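See below for the structure under consideration.
The values are calculated or read from the model by the stated rules, or taken from the named source; none is laboratory data. All of these numbers come straight from a predicted model, not from anything done at the bench. Heads up, the Cβs are rebuilt from the backbone with ideal geometry, glycines too, and the neighbour counts pull from every protein chain shown.
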Amino acid sequence: MIDTITDLQALRRHILEWRRAGLRIGFVPTMGNLHAGHYSLVELARAHADRVISSVFVNPTQFGPSEDFTRYPRTPEADTSGLEAAGCDALWLPTVEGMYPFGIDLASNIRLPGVADVLEGVHRPGHFDGVCTVVARLFNQVQPDVAAFGKKDFQQLAVIAQMVTDLAYPLELLRGEIVRESDGLAMSSRNQYLSPAERSTATVIHRTLRGMRDEMLAGTARLVVEARAGVELAEAGFEVDYTAVRTPDLVEPSAAPQVYAAPGRRVALIAARLGRTRLIDNIEFELP
Ligand code: PAF
């Protein structure tokens, strides 16, 4: 039976008990409305820890003023039973007041320059400040030995990895693979906003990413690959935020085009809207 914890003192007692028993603690932070992608992170954490705790908290500080905070899907019963079935031992359910005891306007903020300012950072200003601000608090509350995040939010993982190193959190980050529907669409809580027609168009994102990877492997110039992908998405009906090929550190590409033709890891990333729904996805590959 999963233990549901709603109070910070109770959480601390729980964690202390595990620590006293010498158990290694794995953590999977989420915003709820869980799907197979989240449950795969629980399994990943389970493989690296003796106990797994997950949090469900729809964090207001990472949503922009015109974003979907109020309509973000909240499914507490299904999440609880899904986590239990996935082998999660405890569920941490913070409140907004508990997370931000001085109120959001007076909350200490973590702002990460560099990797948080590109791509998503350009299109969702302040988003990663909110993510870092809440993840830092969650790490302080749970004090895990390992914490699992999905590669679907590739930039979020890069940002959190930088924060963990920069602020010397004593934990190991685990990176979970993207879980896809059978037609290639990356699983996301936001997929359920899609109308049936949009849902079928949404598969173009993964197809376009595979095309970007194949063109890069065939030696096409990065800028051409990015531009063609943008056109393909726009023709399918997307409003495109970005199509990008980057090295895994996501630094802005240098002016020297040969850097992108050199061997090594690359990631192609897309963010695009279908109607009111904003989707992101990415694909990693190796240039030989
Ligand atoms: O990836 C998410 O669901 C959220 O950004 C996270 C990491 C739980 C922080 O609110």
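Worth pointing out:
- Restricted to helices (runs of 4 or more DSSP H) entirely inside region 67-168, those with at least 1 residues that are β-branched (Val, Ile, Thr) and within 15 Å of the ligand (Cβ to nearest atom) are 96-99, 127-142, 154-166.
- Asp50 vs. criteria away from the ligand (no atom under 16 Å from the Cβ) and more than 21 Å from Ile160 (Cβ to Cβ): yes
- Number of the condition not met by Leu173 [criteria: (1) in contact (Cβ under 8 Å) with a residue 60 or more places away in the chain; (2) more than 21 Å from Ala107 (Cβ to Cβ); (3) within 15 Å of the ligand (Cβ to nearest atom); (4) surrounded by fewer than 18 Cβ atoms within 10 Å (Cβ to Cβ)]: (1)
- Exclusive hit being surrounded by 15 or more Cβ atoms within 10 Å (Cβ to Cβ) and either among the aliphatic types (A, V, I, L, M) or within 22 Å of His123 (Cβ to Cβ) (or both), set Arg180, Arg190: Arg190
- Residue within region 245-260 that is small (Gly, Ala, Ser), within 23 Å of Leu157 (Cβ to Cβ) and in contact with a strand residue (DSSP E or B) (Cβ under 7 Å, 6 or more places away or on another chain) present: no
- Check on Pro60, more than 21 Å from the chain's Cα centre (by Cα) and farther than 15 Å from Asp3 by Cα: no
- Sole exception among (1) away from the ligand (no atom under 16 Å from the Cβ); (2) crowded, with 22+ Cβ neighbours inside 10 Å for Val28, by number: (1)
- Taking the criterion of being assigned to a strand (DSSP E or B) and surrounded by fewer than 16 Cβ atoms within 10 Å (Cβ to Cβ), the residues of region 262-272 that qualify are Gly264, Arg265.
- Check on Pro113, at pLDDT below 95 and surrounded by fewer than 19 Cβ atoms within 10 Å (Cβ to Cβ): yes
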